[in-house]
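The structure under discussion appears below in the form of structure tokens.
FYI, it's all coordinate maths here, none of it is from the lab. Here the structure is a predicted model, which means the values were calculated and not measured. Note that we place each Cβ from the backbone using ideal geometry, even for glycine, and neighbour counts take in every protein chain shown.
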Amino acid sequence: MTTSREKAEPRSLGGLILPLILIGLGAFFLLANLGYLAPISIRALVDVWPIALILVGIEVLLGRRRPWVAFGLQLVALALAVSIVASQSAGLLTPAAARTSSETVARVGATELALDVSSDFGDLTIAGGASALVETLSTGGEVKVSTDREGGRAKVEIDPRHALVLPFQGVRTDLTVAVASDVPASIRLEIAAGDARLDLRELRITQARVDAGAGDILVSLPTTPQGEVTVDINAGAAKITIEVPSGVEARVTVKGGAVSLESQNSRLAASSGFAETAGYATATSRVTVTIDAGAASVHIR
């Protein structure tokens, strides 16, 4: 039997803290995934872990006797934790768009380039015109550039930095890569989600490969291909546009699941999953594009 004294006993409000934390973290991760906030630094989170002990201590000491006082003190402790994390590099409230970084890879006698570019989430552009061998500009998140040289061959790898980012948090990084136009290059591009533009018009490209998840993919073929140039595109759900410059002999073949092909280029009439210029079969310098996708629309311009 419950007494009036037991009924009047104040209830602890400590049970509200955990739901508030979960709601706050969920809102933060959503805004970060959309690119409005920077990622949480794991190092900053480790720095503030003693706040959990403070929250528990307040709950034990005042949770039953002074629930509103305890609740207020816990909110103050949480605000302190947020302020500490926000003051760290890659903290809570730094706008992602405000963080930019650039890298340059010197030529150092390179006569051949193998370029490997990865992107998890964001827009990616690769084009010619670099005075160095490779030049990068990233906005929203940092990228790692590593170079391995063997003789005149330079292998350059560009990928996002993950050292201080929670593994389940998407971080939008918009990346522009400029490549030397006079060095023979092979390019491999891997993008999980986002739009990709591969402008090969000015490049001495030997081969290119694109592995993409979802997004828009635009590939502009080289204006003056040298020999047999192959472009392979593997995608999930994507809109793929192939631009064929005037005078370039090319063939585009599509296969996979629900893939449609249409051509707005009068030199390439689309039929039965492929389109080909009239002089492709006999050309010694030409571009062969192969597209394998799950669900994609392919447009030739």
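Numbers below:
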item: Among 100-112, 71-83, 173-185, the order from most to least packed when residues are scored by Cβ within 10 Å on average; result: 173-185, 71-83, 100-112
item: Karplus-derived HN-Hα couplings along the stretch 211-221 (A = 6.51, B = -1.76, C = 1.60, θ = phi - 60°), whole Hz, x at Gly and Pro; result: 10, 10, x, 10, x, 9, 10, 10, 10, 9, 6
item: Long-range amide H partners of Arg204 with built H, under 5 Å; result: Val183, Ala185
item: Sites Glu243 and Val76, calculated FRET efficiency, Cβ-Cβ separation with R0 45 Å, nearest 0.05; result: 0.20
item: Extension reserve of the Leu22-Lys144 stretch, reckoned as 0.36 nm per residue once the Cα distance is removed; result: 40.7 nm
item: Highest to lowest packing among 286-297, 115-126, scored as the average C-beta count within 10 Å; result: 115-126, 286-297
item: Isotropically averaged projected area of the stretch 97-300, using the convex hull of Cα atoms (one quarter of hull area), nm²; result: 11.8 nm²
item: Rounded to whole Hz, the Karplus (6.51, -1.76, 1.60) HN-Hα couplings of the stretch 252-260, x for glycine and proline; result: 10, 10, 10, 7, x, x, 8, 10, 10
item: Added length on full extension, which subtracts the Cα-Cα distance from 0.36 nm per residue, Ala283 to Ser266; result: 4.3 nm
item: Pairwise FRET efficiency - Leu53 versus Thr176, Cβ, R0 = 41 Å, nearest 0.05; result: 0.35
item: Distant-in-sequence amide H partners of Leu218 (H built 1.01 Å from N, under 5 Å); result: Ala196, Arg197, Leu198, Thr241
item: Mean projected area in nm² (Cα convex hull; one quarter of hull surface) for the stretch 177-255; result: 5.0 nm²
